[in-house]
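No value in this document is a laboratory result; all are computed from the given coordinates. Because the structure is predicted, anything quoted here is derived from the model rather than measured. Glycine gets a Cβ as well: all are built from the backbone with ideal geometry, and neighbour counts include every protein chain shown.
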Amino acid sequence: MKSFQVIQHDFIQHIKNPQANPFDDDIEDRRLKIYRELFFNNILGFLSSGFPVLESLYSEQQWKELGRKFFIEHRCRSPYFIDISKEFVEYLSSEYALTESDPVFMGELAHYEWLELDVSVRQSSQIAKVWDGYSQITQVQMSDLASLVSYQYPVHQISADFQPTQASEVVYLVIYRDATDEVNFTLINAVSAHLLNIITQQGVTTTDSLTKTMIEAMPQLEVQQITESLQQVLQLLLQQQILVPVDK
């Protein structure tokens, strides 16, 4: 007689991959079908809501097949539904092998779409503060609700009508959530990305130290040009709430 653990294991394997793992215990297939559809449709629903752009690049059948492969092959570490999207991104990046029907930018697009979801629900311990637009900026830090990322493909532009087949120059994006809880993204250049990396690494950073660092990093430019440009960039990032002001 099978132990409960063996029966449970066989049942789970059947739910994940019924064709390869028939369940021969005394349960009607009609009842099993309810469980098979319930579990898989829940997973597929979370993938569809989390990756709408990626889904739009596939036929309905191809999308279901991709969802099924994820369901069968990936061992999720988190028990929370909110983490299914993150698990899917990890699956694509470390376990999944691209097929002829997959776009080459698949992993990057999935990461970008997941990050939008992640930022939308991210918690922050920072005291909410928005720059008033005129106070002198002396210290700044990166918002907990902002993430700087770089991609080889312009993932923010991808759609069913635009699917690049070759990598481009590095694309730097910041995905962030503002005080109204709206999630946005902004395209930045390599210099601004370098600036944000410095701020992220240092935590609370003075504008004086940032000025000094950027002057050292770009000796080919005049000091006044760097100083003025830095102030403009900091003000824009503060207005977008990617950076937050810090009191002394």
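The table for this structure:
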{"item": "Label of the coordinate-derived value, Rg and Dmax of the Cα atoms in Å, listed as (1) 23.6, 83; (2) 19.9, 69; (3) 18.1, 58", "result": "(1)"}
{"item": "Length added when fully stretched, Thr200-Ile127, from 0.36 nm per residue minus Cα-Cα", "result": "24.6 nm"}
{"item": "Neighbour net charge for Ile175 - beta-carbon separation under 9 angstrom, K R +1, D E -1", "result": "-1"}
{"item": "Residues of type lysines that Lys129 reaches as a straight line, Cα spacing below 22 Å, ignoring anything fewer than 8 places off in the same chain", "result": "Lys248"}
{"item": "Helix axis angle, 207-217 relative to the chain longest principal axis, alpha carbon, degrees", "result": "80 degrees"}
{"item": "Gain in span if fully extended, Asp181 to Ser101, counting 0.36 nm per residue against the direct Cα distance", "result": "25.2 nm"}
{"item": "Tilt relative to the chain, helix 223-239 - C-alpha long axis, 0 to 90 degrees, to 10", "result": "40 degrees"}
{"item": "Simple spin-label estimate for Asp83 and Val149 in nanometres, 7 Å along Cα-Cβ", "result": "1.9 nm"}
{"item": "Value at 222 nm in deg cm²/dmol, rounded to 500, when DSSP H runs of n ≥ 4 in the chain each add -39,500 (n - 2.57)", "result": "-15500 deg cm²/dmol"}
{"item": "Charge dipole (the chain, unit charges on Cβ, about Cα centre) - positive-most of Tyr35, Ser143, Trp131", "result": "Tyr35"}
{"item": "For peptides 203-211, 108-116, sequence by mean Cβ density within 10 Å, most packed first", "result": "108-116, 203-211"}
{"item": "Over the stretch 1-102, relative contact order from alpha-carbon pairs under 8 Å, at least 6 apart, %", "result": "24 percent"}
{"item": "Hits among lysines - C-alpha to C-alpha of Lys16 under 17 Å, sequence gap 8 or more where chains match", "result": "Lys33, Lys64, Lys69"}
{"item": "Reach of Lys2 by Cα under 16 Å, taken over lysines that are not fewer than 8 positions away in the same chain", "result": "none"}
{"item": "Only Lys, Arg (+1) and Asp, Glu (-1) charged, at Cβ; the stretch 125-248 dipole about Cα centre in debye", "result": "200 debye"}
{"item": "Inter-site label distance for Ser94 and Gln5 at 7 Å from Cα along Cβ, in nm", "result": "2.6 nm"}
{"item": "For the stretch 190-215 and the stretch 79-144, distance of Cα centres in Å", "result": "22 Å"}
{"item": "On Cα atoms only, tilt of 190-202 relative to the major axis of the chain in degrees", "result": "80 degrees"}
{"item": "Protection-proxy order for peptides 43-55, 234-246, each taking the mean of Cβ atoms within 10 Å per residue, highest first", "result": "234-246, 43-55"}
{"item": "Unit charges on C-beta of K, R, D, E only; dipole of the chain, Debye", "result": "480 debye"}
{"item": "Shape of the stretch 125-248, Cα gyration tensor, a/c cut at 1.5", "result": "oblate"}
{"item": "Contact order relative to length of the chain, as percent, for alpha carbon pairs under 8 angstrom and 6 or more apart", "result": "18 percent"}
{"item": "Net charge of Cβ neighbours under 12 Å - reference Asn41; Lys, Arg +1; Asp, Glu -1", "result": "+3"}
